[in-house]
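**Student:** This is the structure I have questions about; it appears just below.
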Amino acid sequence: MASLRAKATIFPISVCLLALAIADFVMFTVVGSLPPLALVVSLVLLAVVVLASLVHARQLVHPINELMPTIDREGHLELRSTAARITPPVELQALTKAIDQLAESQQRDKLARQKLERVRSEFLANVSHELRTPIFAVQGFIETLLDGAVDDPKVNRDFLERARVQSERLNSLLNDLIDISRIESGEMRMSFRMFDIQPFLRDFTSEMQPMARAKHIELYFTGNVLPHHEVSVFADKERIKQVLINLTDNAIKYSNEGTAIKIELIDDEASNDQVTIRVVDNGIGIAPEHLPRLFERFYRVDKGRARSAPGGGTPDGTGLGLAIVKHIIEAHHGKISVMSEPGKGSTFQFTLRKDSAWSEVE
Ligand code: ADP
């Protein structure tokens, strides 16, 4: 800093001294000697110029000093401006403002990086935790069988069956992980086209009948659309089927025997550009405090609940299903939401666009 201050000071002083020396030299050659008055005036002028130069240099150097970047303890470049402490000269105000903006955007980037890092490590911790459970379970069953249970006809089949269920869980977890990473990285290509949603939903309901029937649940299709009235939507059939499988599978899993689940199509004539599809169950419902986080990756209302869901039997959920569903619906420019009441049931609903205009804009 000292060199900058020195440079800023020395230049005007040197110019003034040079001017004085020339004036004195001219006077000396013309008059033959320097009158005392000229000497005093020269010295006074010199003192004034030195003082002014020092003040001027300080005014320039002090704000620049304050604007200088510093390195914080973690080695990050940290910019700070004088704005809060001193008012910089006009020439430096624009620079101060620019540096303030740079510092703000740098701070924003730093926070975003920290958030990303946090999300990444949480994700990795969740993945390892979720993988560990079924792997340990399969290992345990195999070791028990090898330790002699394989020759015990009362338990050997049971252990093998349990190992199979856990390996299925591992498989579905890996599939969900692949899906979510493909969607989030933008690698999952959607194949949008126009199709009639009503027969699609009727077929889907028929396909899911055996699963519902196995739990003595009535599954039916309904809506406000006349049976043969065509309602075209612009969507990816396969992905919408994946959404419906997830929602209906959950509805069956979290419903008691003897209840009903409806798949409903609402053609909102008033809005004219979208339809609403609902999966409505009379199952165990979800407490309000869980609803805001339900679509987050790995979020489960109660880790033990999927296992103890009415009827049980199916392997644990992965907690990724609804996160995938939300991504898919958002890729369709639709909206997904949930309404639920513990003990009464849940309604998951999403919208699909009838027009293709949104995809042409992209
Ligand atoms: P999972 O694979 O565990 O089912 P999801 O992401 O599909 O994961 O669901 C997250 C959580 O939301 C589930 O663990 C469950 O607690 C709750 N849930 C989802 N659908 C329903 C439903 N229809 N009824 C009650 N709870 C539900």
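The values are calculated or read from the model by the stated rules, or taken from the named source; none is laboratory data. All of these numbers come straight from a predicted model, not from anything done at the bench. Every residue, glycine among them, receives a Cβ derived from its backbone with ideal geometry; neighbour counts consider all protein chains shown. Heads up: the accessible areas ignore ligands, DNA and RNA and are worked out on the full protein's heavy atoms, side chains in. Shrake-Rupley method; radii C 1.70, N 1.55, O 1.52, S 1.80 Å.
**Student:** For a quick check: with amide H placed at 1.01 Å from N, whose amide H comes under 5 Å from Asn256's, ignoring anything fewer than 5 positions away on the same chain?
**Tutor:** Residues meeting the amide H criterion: Ile284.
**Student:** Can you order the peptides 275-283, 195-203 by their average number of other Cβ atoms within 10 Å per residue, highest first? Don't skip to the end; give the middle numbers.
**Tutor:** Numbers: 275-283: 21.9, 195-203: 17.1.
Going from most to least packed, we get 275-283, 195-203.
**Student:** With a 1.4 Å probe and every protein chain kept in, tell me what percent of the accessible surface of region 214-282 is carbon plus sulfur.
**Tutor:** On the way: 1440 of 3190 Å².
Roughly 45 percent of what the probe reaches on region 214-282 is carbon or sulfur.
**Student:** Using only the alpha-carbon atoms of region 83-211, report the extent along each of the three principal axes, biggest first, to the nearest angstrom.
**Tutor:** On the principal axes, region 83-211 reaches 92, 52, 20 Å in Cα extent.
**Student:** Once phi is turned into θ = phi - 60°, what whole-Hz ³J(HN,Hα) does the Karplus curve with 6.51, -1.76 and 1.60 give for every residue of region 265-275, x standing for Gly and Pro?
**Tutor:** Whole-Hz 3J(HN,Hα) from phi for region 265-275: 10, 10, 9, 7, 4, 5, 7, 6, 10, 8, 10.
**Student:** Over all directions, how big on average is the projection of the convex hull of the alpha-carbon atoms in region 166-268, in square nanometres? Don't skip to the answer; put the middle values down first.
**Tutor:** Working: hull surface 32.1 nm².
For the Cα atoms of region 166-268, the hull's average projected area reads 8.0 nm².
**Student:** Then there's this: From the Cα gyration tensor of region 233-275, with a ≥ b ≥ c the square roots of its eigenvalues, which class applies: rounded if a/c is under 1.5, or else prolate if a/b is larger than b/c, or else oblate? Before the final figure, lay out each step's value.
**Tutor:** Values: a/c = 4.55, a/b = 1.64, b/c = 2.77.
Oblate is the answer for region 233-275, as a/c is 1.5 or above yet b/c matches or exceeds a/b.
**Student:** Moving on to the next point. For Phe221, what residues show an amide H to amide H distance below 5 Å, using hydrogens built from the backbone and excluding near sequence neighbours?
**Tutor:** Ile263
**Student:** Right, next: Among Lys215/Lys237; Lys241/Lys326; Lys241/Lys354; Lys241/Lys262; Lys253/Lys354; Lys237/Lys326, which pairs are too far apart, with a Cα-Cα distance over 21 Å? Mind showing how you got there, number by number?
**Tutor:** On the way: Lys215/Lys237 27 Å; Lys241/Lys326 13 Å; Lys241/Lys354 17 Å; Lys241/Lys262 16 Å; Lys253/Lys354 31 Å; Lys237/Lys326 16 Å.
As for pairs spanning more than 21 Å Cα to Cα, those are Lys215/Lys237; Lys253/Lys354.
**Student:** Using 0.36 nm per residue of separation minus the Cα-Cα distance, give me the extension gain between Asp196 and Val41 in nm, one decimal. Numbers along the way, then the final one.
**Tutor:** Details: separation 155, 0.36 × 155 = 55.80 nm, distance 9.95 nm.
Roughly 45.9 nm would be gained on extension.
**Student:** Per residue, how many Å² of accessible area does region 151-212 show with a 1.4 Å probe?
**Tutor:** Each residue of region 151-212 exposes 62 Å² on average to a 1.4 Å probe.
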